[in-house]
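Throughout, read-outs are computed from the coordinates displayed, never taken from laboratory work. In this text the structure is predicted, and so the values were computed from the model without any measurement. When we count neighbours, we look across all protein chains shown, and the Cβ atoms used for this are built from the backbone with ideal geometry, even at glycine.
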Amino acid sequence: MAPLKLEDNMKERLEERKIEPTAAAWDRIASKLDAEEGKENNNKVLWLAIAASFIAGIFITLFLITDGNSSGSKDQLVETPQTEDLIIREEMEVTPPKFLEENNSEQEQLVEVQEMPAASEKNTMMGTGIQEKEEIVQNTAEKKMRKEMKNTPFKDPAVVKETTTIVENKLKESPTTILEEPKDPLKEMVKNEIEGIVAKVDLNTVTDEEIDALLLNAQRDIISKQLFNSETNKVDANALLLDVEAEVDPATFRDKVYDALKGGFQKARDAVADRNN
Amino acid sequence: MKVIHFYNNEQQLIKKAIRSNRDAQRRLYEMHSPKMLSVCRYYIKDVHQAEEAMCNGFLKVFTHLKSFKNEGSFEGWIRRIMVRESISYLRTLKQLHFSEDGHFESKETVNNVKSAMEVEHLQKLIDALPEGYRVVFVMYAIEGYKHQEIAKTLGISESTSKTQLFKARKLLQSKLNTENNLSYGTT
């Protein structure tokens, strides 16, 4: 039990002891604490910067996604600027004594102008000359419409402008609905008139000569493109030789037959002439 | 006595110190530093090195003050930090060895019989022990740790802890006997 008494005595005496530290001890502790707090602040700033960049990235991606969706929706409304432009153009074209009669008549114009490109699309297979003819048809149709508009009675410009704005608003709100009204009897009448105008244009008046001329032009363009390389500004010698050979020797069956017949006829004629001699 | 006021005052200082209030931290340091330096001095012979270990300990106290959850005494919480910090300081100096063969290092002799049990003499007796014996002895006899806790803290087995303690006691006893024989003139 002696060691335990010794240990208890030692414990009691040592527990009572206090040793005063030096004055510099607290300064060392304070300086180390300042260094630690500086590190913590830097870490906080770093984490805040990381969080801010992460949030900014989220906002940017959301913005890009919404921008992409809005551009897609704009594609759906591509037709409306055309109709609005048409309305604005017609307002500009119509002089004060030649305004529209009512909203329906204006819608007829929209349908007419929209129908014209649709009718022209049917004839695109005929070639470029036919397209030119289509443009002429459109212009004649527009001229006819203008003539018809001239015959309409005069209306107050303010009222007409109101109707145009109402139509514009309707187009903006629901652009497809106005264009997709097929059941209007007036529209059917307009449609019939358009078809009549188109029927009046005799598309068969396009001659073969015109077609041949157009084809020749196209061939020349193709050959020139084959011969001359616009990127390197050089002429392909082999292609040029082939082109010349084609000109020299057409090698068409008709020409060969014609040449053969011609040669035979000349031989026969010479033989008859020599026999008489 | 204004114990309640003092307790409230320490709690308030702790709250302020958690918010990095330098004045509150200094007040806490001044309240507990003398005792804590004495604790570090149990393990480290040199008082300057003990002070260095104490400073490291207080740095950990103030940086981890949030983890003190008022579950025990604040002084006991600081004391545990000081003990661990003193042991790690000895490890950095490579002075902590748990050798089986121990020898008494002190060559001092007792000059005054009355001062045989004085604190400094006791401290010198403890300082004379080998590092391994000293740490185990102080942790068990002075600090009141159990062998399981000593083994876990020092990274040794419980049997090694018990062996170290036994040998430390043996050495101390033999030294005290020698001193007593010398003082009473017996051999």
If Lys and Arg each add +1 and Asp and Glu each add -1, what is the summed charge of the other residues whose beta carbon sits under 11 Å from the beta carbon of B:GLY57?
+1
Which entries in B:LYS124/B:LYS162; B:LYS16/B:LYS146; A:LYS44/B:LYS35; B:LYS45/B:LYS152 show an alpha-carbon gap greater than 26 Å?
B:LYS16/B:LYS146; A:LYS44/B:LYS35
For A:PHE228, which sequence-distant residues (separation of 5 or more, or a different chain) have an amide H within less than 5 Å of its own amide H, given hydrogens modelled in the peptide plane?
A:ASP236
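I need the peptides A:6-18, B:65-77 ranked by packing, meaning the mean over residues of other C-beta atoms within 10 angstrom, with the highest value on top.
The most tightly packed comes first, giving A:6-18, B:65-77.
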